[in-house]
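Written out below as structure tokens is the structure these notes cover.
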Amino acid sequence: MTVHEPEPLLRIEGLHVEFPTEDGVVHAVDGVSMEVNPGEIVAVVGESGSGKSVTAMSVLRLLREPPARVRADALTFRGQDLRAMPPRRLRAVRGGPVGMIFQDPMTALNPVMTIGDQIAEAVLLHQERRDRRAAQARAVELLELVGVPDPGQRARQYPHEFSGGMRQRAMIAMAIANDPDLIIADEPTTALDVTIQAQVLDLIQKAQAETGAATVLITHDLGVVAELADRVVVMYAGRVMETAGVEDLFVRPRHPYTVGLLASLPRMDTDTDALDPIPGNPPNMSNPPPGCPFHPRCPLARERCRAERPALLDLGGGRRSACHFPEEVGP
Amino acid sequence: MTDLPADLPGELEARADASAGRSTPWRTGLRRFRRHTVAVVSVGYLLLVVAAAVFAPTLSGYDPNAVDLEHVREAPSAAHWLGTDPTGRDVFSRLLHAARVSLGVGLAAAGLAVVFGTLLGGLAGLLGRWVDSVVMRLADVFLSFPTVVVTVVVAGILGPSVPTMIIAIGLFQWPVCGRIVRGVTLSLREQEYLLAARAAGAGSFWLMTRHIVPAALPPISVAATLAVAQAIGLESTLSFLGLGVQPPTPSWGNMLTDAQSLTVIAGQPWLWLAPGIAVALTVLAVNFIGDGLRDAVDPRQS
């Protein structure tokens, strides 16, 4: 990085997260580096267990340590080191300039607190003078902003009186309550009905446009990626496999895993009966294969892949790939 | 963005609720409690006792400590409804004034136990690790002592007085509450909404006061009620043994002290019958209320 390059909003470098278990140490995140620039939407894709959510959680240091062991070469938000931050400052960052949306709005809302109280809580936590009335009023305002009809009435209801889509809207209201610079959305549509998914994605896009916040969108849904993201980070086995602009990634992937992911999508324009899945299974994270973690499933794998772990190489044009032979990869 | 059809039933329900009085968790609990007849009767009885204690001076008409040597050991009469004791003091007046002491000690001791228990249990559950181990072993130690024996020793060392007794009783009641709060905290700790609250910037203290204690309140209220019953019983025991409330201040326990001689038991039942019944009924009523509360807050257990 040269001096002239602006400091990214969020910079993660060499992030490692380990969980000791009875079957040995699980390396959930194994040297992940990525950055998020102001205002951009970065999608983090990968299958279950690829370390996407753990990466997101460690940004706000939400993992319980111990048992989790987190270390990173750099972890900065707006140039401030999140690793060295005292708890008080860290709490000010959480829910303030960094908002988080959770996967399952059924479990991420307290069932015995009204929706209004919970949104007001997010507001209150970041006020100097804790003014309950103002916070409640703001909660109603936020509910209206996220498209909950009759917000005054709805604020007094409990989560069980809300549908899934409405709950996720309330969660989004909490995340944007304090006008964040960064929104981390951890699979925000996974727990929702397909018809509601589109609406919630619309809303996230709208919230992003309105607040100008950069967004980290964690998902395993490539359709969502294509629709929303500016840039994509593909993760596999706790590592970054490839990063690229969204169009580059779909048009010309430079990592065999990305190729596999794209090929396994159902397509409208070809006439096939069967999907084309990636053969094999993701590796056991307490005992990952040596070399490239993808080599047991990779059609291009050869001796070097088994022996040597590929670095995340800069291919120019904002693209990086963790493959020994990126030029051989083709869709 | 338009309203979702999926929301319509919820909307309708909500309106129905609004017209019938909203169904908050408290209302639901109250409704369940009212179904528990014995508990409701007990509440009535207890309110009566509390009223008697509060208005004792006006109700009784006698100074509870006024000695009247011309009327000693008199049987119940129109002048003295429950008779007089060996120094001519009015038993009815003493009974009402004793209610103040006994209820006061019971509530104070239980309150102390609940505050202690909530604090320590919450800390143990939230912080885990060595804090948890230390607090819970401490709870085990306290629970494994025979309460009465140790309180007798404590009262003996510190000298019998009302504050000593409150502290001694509270000290032995907190582990029950502490374990409950710890259990609730542990189960909540893994809930995603606590994580979401932390992600919104909440610290341990906030989580404790806004999420964990409210969630633990129903089981705490049950434990607290039962603690009150126990504390009232313990107070009577200690005072009966002469280690609690000191004469001339009346308490139900030290009134029973008079019944230590066989002649009194056989010949002057008014001296011990009334305080005995008062203790028994009050402890029973508080226990019934505890049962009713348990059914109200946790219908699965009944």
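Tell me yes or no: at least one residue of the range A:105-113 is in the same structural domain as residue A:134 (by the TED database), free of Cβ contacts under 8 Å to residues at least 60 places away in the same chain and among the hydrophobic types (A, V, I, L, M, F, W, C). Please lay out each step first, then the result.
The initial filter retains those residues of the range A:105-113 that are in the same structural domain as residue A:134 (by the TED database), namely A:105-113.
Now narrow it down to the ones that are free of Cβ contacts under 8 Å to residues at least 60 places away in the same chain: A:107, A:110-113.
Subset that is among the hydrophobic types (A, V, I, L, M, F, W, C): A:112-113.
So far as the range A:105-113 goes, yes, one or more of its residues are in the same structural domain as residue A:134 (by the TED database), free of Cβ contacts under 8 Å to residues at least 60 places away in the same chain and among the hydrophobic types (A, V, I, L, M, F, W, C).
Taking residue A:140 as the residue in question, decide whether it is facing another protein chain (nearest Cβ under 8 Å) and over 21 Å from the mean Cα position of the chain (by Cα). First the steps, then the outcome.
Details: facing another protein chain (nearest Cβ under 8 Å): no; over 21 Å from the mean Cα position of the chain (by Cα): yes.
Spelling it out, it is not the case that residue A:140 is facing another protein chain (nearest Cβ under 8 Å) and over 21 Å from the mean Cα position of the chain (by Cα).
So residue A:94 fits all but one of (1) out of contact with any strand residue (DSSP E or B) (no Cβ under 6 Å at 6 or more places or on another chain); (2) open to solvent by 60 Å² or more (accessible area, probe 1.4 Å); (3) of a type outside the set (A, V, I, L, M); what number is the exception?
Among (1) out of contact with any strand residue (DSSP E or B) (no Cβ under 6 Å at 6 or more places or on another chain); (2) open to solvent by 60 Å² or more (accessible area, probe 1.4 Å); (3) of a type outside the set (A, V, I, L, M), the lone unmet condition for residue A:94 is (2).
Which condition does residue B:201 not pass, out of (1) out of contact with any Gly (no Cβ under 6 Å at 6 or more places or on another chain); (2) not in a helix (DSSP H, G or I), if it passes all the others?
Result: residue B:201 passes all but (1).
Does residue A:79 fit the bill of being in the same structural domain as residue A:257 (by the TED database) and more than 22 Å from residue B:127 (Cα to Cα)?
Working: in the same structural domain as residue A:257 (by the TED database): no; more than 22 Å from residue B:127 (Cα to Cα): yes.
For residue A:79, the condition - in the same structural domain as residue A:257 (by the TED database) and more than 22 Å from residue B:127 (Cα to Cα) - is not met.
Each row is one residue, and each column tells you yes or no for (1) touching a Leu at 6+ places or on another chain (Cβ under 8 Å); (2) within 24 Å of residue B:164 (Cβ to Cβ); (3) of a type in the set (A, V, I, L, M); (4) open to solvent by less than 40 Å² (accessible area, probe 1.4 Å).
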{"position": "B:62", "(1), (2), (3), (4)": "no, no, no, no"}
{"position": "B:68", "(1), (2), (3), (4)": "no, no, no, no"}
{"position": "B:82", "(1), (2), (3), (4)": "yes, no, yes, no"}
{"position": "B:87", "(1), (2), (3), (4)": "yes, no, no, no"}
{"position": "B:91", "(1), (2), (3), (4)": "yes, no, yes, yes"}
{"position": "B:97", "(1), (2), (3), (4)": "no, yes, no, yes"}
{"position": "B:103", "(1), (2), (3), (4)": "no, yes, yes, yes"}
{"position": "B:118", "(1), (2), (3), (4)": "no, yes, no, yes"}
{"position": "B:128", "(1), (2), (3), (4)": "no, no, no, yes"}
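Please go through the range A:6-29 and pick out each residue that is farther than 17 Å from residue A:82 by Cβ and open to solvent by less than 20 Å² (accessible area, probe 1.4 Å).
Within the range A:6-29, the subset farther than 17 Å from residue A:82 by Cβ is A:6, A:18-28.
Answer for the range A:6-29, where residues must be farther than 17 Å from residue A:82 by Cβ and open to solvent by less than 20 Å² (accessible area, probe 1.4 Å): just A:28.
Give the residue that is farthest from residue B:188 (Cα to Cα), with candidates limited to residues of the range A:97-122 that are in contact with a strand residue (DSSP E or B) (Cβ under 9 Å, 6 or more places away or on another chain) and open to solvent by 20 Å² or more (accessible area, probe 1.4 Å). Show your work before the answer.
Residues of the range A:97-122 in contact with a strand residue (DSSP E or B) (Cβ under 9 Å, 6 or more places away or on another chain): A:97-103, A:108, A:122.
Those left that are additionally open to solvent by 20 Å² or more (accessible area, probe 1.4 Å): A:97, A:103.
On the way: A:97: 27, A:103: 18 Å.
This residue is A:97.
In this structure, does residue A:69 turn out to be away from chain B (no Cβ under 14 Å), of a type in the set (Lys, Arg), closer than 30 Å to residue A:288 by Cα and over 19 Å from the mean Cα position of the chain (by Cα)? Step through it out loud before you land on a result.
Working: away from chain B (no Cβ under 14 Å): yes; of a type in the set (Lys, Arg): yes; closer than 30 Å to residue A:288 by Cα: yes; over 19 Å from the mean Cα position of the chain (by Cα): yes.
When the stated conditions are applied, residue A:69 passes them.
Per-residue answers, yes or no, for (1) at pLDDT below 85; (2) farther than 28 Å from residue B:293 by Cβ; (3) crowded, with 22+ Cβ neighbours inside 10 Å:
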position	(1), (2), (3)
B:228	no, no, yes
B:231	no, no, yes
B:235	no, no, yes
B:239	no, no, yes
B:258	yes, yes, no
B:262	yes, yes, no
B:267	yes, yes, no
B:271	yes, yes, yes
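Looking at this structure, is residue B:76 under 15 Å from residue B:275 (Cα atoms) and crowded, with 20+ Cβ neighbours inside 10 Å? Before you say what the answer is, go through the steps one by one.
On the way: under 15 Å from residue B:275 (Cα atoms): yes; crowded, with 20+ Cβ neighbours inside 10 Å: no.
No; evaluated as a whole, the condition is false for this residue.
Does residue A:209 satisfy the condition of being within 30 Å of residue A:317 (Cβ to Cβ) and in contact with a Pro (Cβ under 6 Å, 6 or more places away or on another chain)? Break it down into steps so the answer makes sense when it comes.
Working: within 30 Å of residue A:317 (Cβ to Cβ): yes; in contact with a Pro (Cβ under 6 Å, 6 or more places away or on another chain): no.
Criteria not met by residue A:209.
Run residue B:190 past the list (1) free of Cβ contacts under 8 Å to residues at least 24 places away in the same chain; (2) away from chain A (no Cβ under 14 Å); (3) open to solvent by 30 Å² or more (accessible area, probe 1.4 Å) and report the number of the one that doesn't hold.
Going through (1) free of Cβ contacts under 8 Å to residues at least 24 places away in the same chain; (2) away from chain A (no Cβ under 14 Å); (3) open to solvent by 30 Å² or more (accessible area, probe 1.4 Å) one by one, residue B:190 breaks only (2).
Being in contact with a His (Cβ under 7 Å, 6 or more places away or on another chain), surrounded by 13 or more Cβ atoms within 10 Å (Cβ to Cβ) and touching a residue at least 60 places away in the same chain (Cβ under 8 Å) narrows it down to one residue among A:285, A:235; which is it? Break it down into steps so the answer makes sense when it comes.
On the way: A:235 fails: in contact with a His (Cβ under 7 Å, 6 or more places away or on another chain).
From the options A:285, A:235, the qualifying one is A:285.
Identify the single condition in (1) surrounded by fewer than 19 Cβ atoms within 10 Å (Cβ to Cβ); (2) part of a loop (DSSP other than H, G, I, E, B); (3) not small (Gly, Ala, Ser) that residue A:89 does not satisfy, given that it satisfies every other one.
Residue A:89 satisfies every listed condition except (2).
Name the single residue that is surrounded by the fewest Cβ atoms within 10 Å (Cβ to Cβ) among those in the range A:131-150 being charged (D, E, K, R) and in contact (Cβ under 8 Å) with a residue 12 or more places away in the chain. Explain how you work it out, then say what you get.
Taking the range A:131-150 as the starting set, the residues that turn out to be charged (D, E, K, R) are A:131-133, A:138, A:141, A:144, A:150.
Add one more test, that the residue is in contact (Cβ under 8 Å) with a residue 12 or more places away in the chain, and what stays is A:132, A:138.
Working: A:132: 12, A:138: 21.
Within the range A:131-150, the match that is surrounded by the fewest Cβ atoms within 10 Å (Cβ to Cβ) is A:132.
Please work out which one of (1) under 20 Å from the mean Cα position of the chain (by Cα); (2) of a type in the set (A, V, I, L, M); (3) more than 10 Å from every other protein chain (Cβ to nearest Cβ); (4) assigned to a helix (DSSP H, G or I) is the condition residue B:245 fails and give its number.
Only one criterion in (1) under 20 Å from the mean Cα position of the chain (by Cα); (2) of a type in the set (A, V, I, L, M); (3) more than 10 Å from every other protein chain (Cβ to nearest Cβ); (4) assigned to a helix (DSSP H, G or I) is unmet by residue B:245, namely (4).
Among the residues of the range B:241-256 satisfying the criterion of being over 18 Å from residue B:157 (Cβ atoms) and among the aliphatic types (A, V, I, L, M), which is most open to solvent (accessible area, probe 1.4 Å)?
B:256
Which pairs do you get when a residue that is at pLDDT below 85, found in the range B:39-67, comes within reach of a residue that is open to solvent by less than 70 Å² (accessible area, probe 1.4 Å) and β-branched (Val, Ile, Thr), reach meaning Cβ atoms under 7 angstrom, with the pair 6+ apart or on two chains?
B:67/B:87
Evaluate the following for residue A:153: is it within 11 Å of chain B (Cβ to nearest Cβ), free of Cβ contacts under 8 Å to residues at least 24 places away in the same chain and more than 17 Å from residue B:210 (Cα to Cα)?
Details: within 11 Å of chain B (Cβ to nearest Cβ): yes; free of Cβ contacts under 8 Å to residues at least 24 places away in the same chain: yes; more than 17 Å from residue B:210 (Cα to Cα): yes.
Taking the combined requirement at face value, the residue satisfies it.
Looking only at the range A:72-86, which residues are within 29 Å of residue A:134 (Cβ to Cβ) and either assigned to a loop (DSSP other than H, G, I, E, B) or within 13 Å of another protein chain (Cβ to nearest Cβ) (or both)? Can you show your working first?
The first filter runs over the range A:72-86 and keeps only residues within 29 Å of residue A:134 (Cβ to Cβ), leaving A:77-78, A:80, A:85-86.
Hits for the range A:72-86 are A:78, A:85, A:86.
Within the range A:160-204, track down each residue that is touching a residue at least 60 places away in the same chain (Cβ under 8 Å), at the interface with chain B (Cβ under 9 Å from one of its Cβ atoms) and open to solvent by 10 Å² or more (accessible area, probe 1.4 Å).
Selection gives A:174, A:178.
The values are calculated or read from the model by the stated rules, or taken from the named source; none is laboratory data. Remember, predicted model here, so these are calculated numbers, not experimental data. Positions of Cβ are backbone-derived with ideal geometry, glycine not excepted, and every protein chain shown enters the neighbour counts. The accessibility values were calculated without ligands, DNA or RNA, using every heavy atom of the protein model including side chains. Shrake-Rupley method; radii C 1.70, N 1.55, O 1.52, S 1.80 Å.
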